[in-house]
Structures are given as C-alpha cells and as structure tokens.
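Rule-based calculations on the coordinates, nothing more; no lab input. Predicted, not measured: the structure shown is a model, and the values here were computed from it. Positions of Cβ are backbone-derived with ideal geometry, glycine not excepted, and every protein chain shown enters the neighbour counts.
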Amino acid sequence: MTYQIIDESYCRGDTAEIARNLLGTILVHFSPEGLTSGIIVETEAYLSQNDPACHAARGKTKRNAAMFGPPARAYVYFIYGNHYCFNVVTNEAGKGEAVLIRALEPVKGLHLMQERRGKNHKKTNLTSGPGKLCQAMGITGEHNGCPLFQDPLFIAICKGWRQDFDIGVSGRIGINKAQDKQLRFFVKGNPFVSR
DNA sequence: GGGAAGATGTTCT
DNA sequence: GAACATCTTCCCT
C-alpha cells in the first residue's frame with residue numbers, strides 16, 4: 001500500500017466536506033514504542049458558525065486554542081477524566097473548526113495497540129471510539145497542535161484500500177446540543193464504526 | 001472559590 | 001440499556 005501524505009491545503013475549505021474526504025485515509029503514528037496505523041472510518045464535523053456543540057462556539061480559550069491555529073494540525077483534548085479525543089483542525093487559521101476522528105480500522109501495530117489498551121480486547125474494540133483510538137495509537141495531550149503532514153504523526157491518502165465504500169450520514173454522538181445537525185460521517189457496514 | 005457539565009469507556013444487569 | 005468512574009475546564013446556577 002502506497003501513501004501520499006496530506007498537505008495543509010487538504011484541510012482548508014469546507015469542514016463537513018473535509019470530514020467526508022478523511023474517510024478512507026490512514027492515520028499513522030511513529031511512536032518510540034513502535035508504529036501504529038489505521039484507516040479512518042468515522043468522523044464528525046464541528047463548525048464555527050451556528051454550532052453550539054463546537055468547543056470553539058464560545059470563543060478561544062486555553063483548552064481549544066489549537067482549533068484556532070492553522071489547518072492540518074492536531075487538536076487533542078482530555079475529557080471525562082480518562083480519555084483523549086483527536087481532531088484535525090480545518091478551514092483557515094482563526095476560524096475554530098475541526099473534524100473529530102471517531103473510529104479507525106487498525107492496519108499496523110495491532111500488538112502494540114493491544115498492549116496500550118490493556119486487557120484482552122477483541123480487534124473490533126481497539127479503535128472503535130474516539131477515546132479508544134487515542135489510547136491505541138498512543139495519542140495524548142502532547143500532540144496538541146502537532147502538524148499532521150510529517151513525522152511522527154501524519155495522515156495519508158492510501159492507494160490500495162477500497163475506494164468504493166458507501167458513506168453514511170447521521171447526527172453526532174454523545175452531545176446534548178445541536179443533535180439534529182447531520183455532521184457525522186462513516187463508512188457504511190464497516191465493523192469498526194462506533195455504536 | 002466552587003460547581004456542574006462534558007465530542008467516553010467499561011462493567012453490570 | 002443504565003450506572004459509574006474520574007478530573008479538567010470554564011463560567012458562575
């Protein structure tokens with residue numbers, strides 16, 4: 001499988017469209033413990049306009065500052081006392097938009113993912129949720145603001161994974177505000193999609 | 001200073 | 001399907 005790493009321009013423009021486009025791309029992390037990677041199969045868009053569920057809705061804070069930075073960077077935040085969530089910053093710097101990566105199909109480093117997740121999880125339980133995939137991939141708050149087009153953490157378009165998948169659309173998961181917005185995108189029928 | 005909510009995961013019934 | 005663990009962040013109930 002050959003990769004073509006994305007560049008900054010890939011994440012400029014309409015955030016919902018980028019959320020769709022990210023489906024079927026691969027997230028790769030060269031960590032000190034080893035390589036892990038997975039195909040992105042579920043995403044959610046968070047917008048700056050008319051979207052109270054977006055962390056940037058109430059303006060820039062210390063926590064969400066990375067969302068207001070340049071696109072194609074990571075926005076990683078800590079939630080519920082236990083979990084990290086990984087986002088791709090989109091649109092232009094200053095906007096405050098991002099795409100939450102909700103699920104991956106593991107490709108490489110399965111053993112390391114098992115180790116990081118602890119216990120004896122099934123393959124489908126390694127990366128099928130935003131908190132799970134961060135733990136499995138070794139993504140933490142250290143990666144907040146990191147570029148996503150160079151080592152050690154990057155997203156690439158891969159030739160070789162099937163490109164003929166159907167895209168499902170639904171309301172976003174786990175939020176109380178703006179539940180009617182159809183901003184969740186996923187690969188239909190993929191067993192690694194959450195829920 | 002304090003409280004409540006939060007883009008979740010796990011375990012139990 | 002529901003309860004709960006766990007703790008940071010942000011805006012005052």
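In terms of Cα atoms, the Rg and Dmax of region A:114-178 work out to 15.2, 38 Å. At an R0 of 35 angstrom, the distance between the Cβ atoms of residue A:159 and residue A:188 translates into a FRET efficiency of 0.95. The label point for residue A:146 and the one for residue A:3, both projected 7 Å from the Cα toward the Cβ, are 1.2 nm apart. A cut-off under 14 angstrom between Cβ atoms defines the neighbours of residue A:146, and their net charge, with Lys, Arg +1 and Asp, Glu -1, is -2. Converting the Cα gyration tensor eigenvalues of chain A into ellipsoid dimensions via √(5λ) gives semi-axes, longest first, of 23, 18, 18 Å.
Each label point was placed 7 Å from the Cα along the Cα-to-Cβ direction; for residue A:175 and residue A:63 their separation is 1.4 nm. Between A:101, A:167, A:157, which gets the highest mean-square fluctuation from a Gaussian network model of chain A, Cα cutoff 10 Å? Looking only at A:101, A:167, A:157, the largest GNM fluctuation is found for A:167.
May I ask for the net charge around residue A:58, where only other residues with Cβ less than 14 Å from the Cβ of residue A:58 are counted and Lys, Arg are +1 while Asp, Glu are -1? Net local charge, residue A:58 excluded: +3. Within the listed set A:48, A:37, A:170, the Gaussian network model of chain A (springs between alpha-carbon atoms below 10 Å) gives the highest mean-square fluctuation for A:170. Result for chain A in a Gaussian network model with C-alpha springs under 10 Å: among A:84, A:46, A:75, the largest mean-square fluctuation is at A:84. Across region A:18-110, the fraction of Cα-Cα pairs farther apart than 15 Å, rounded to a whole number, is 62%. When the alpha-carbon atoms of region A:61-155 are used, the pair Rg, Dmax equals 13.5, 42 angstrom. Straight-distance candidates among the aspartates and glutamates for linking to residue A:181, with alpha-carbon spacing under 19 Å and chain neighbours fewer than 8 residues away dropped: A:14, A:17, A:42, A:44, A:51, A:97.
Which whole-angstrom value gives the distance between the alpha carbon centres of region A:35-98 and region A:104-180? Going from one Cα centre to the other spans 14 Å.
So what's the net charge close to residue A:67: Lys and Arg +1, Asp and Glu -1, counting the other residues with Cβ under 10 Å from its Cβ? Intermediate values should be presented prior to the final figure.
Details: positive: A:60, A:63, A:73, A:95; negative: A:97.
In short, +3.
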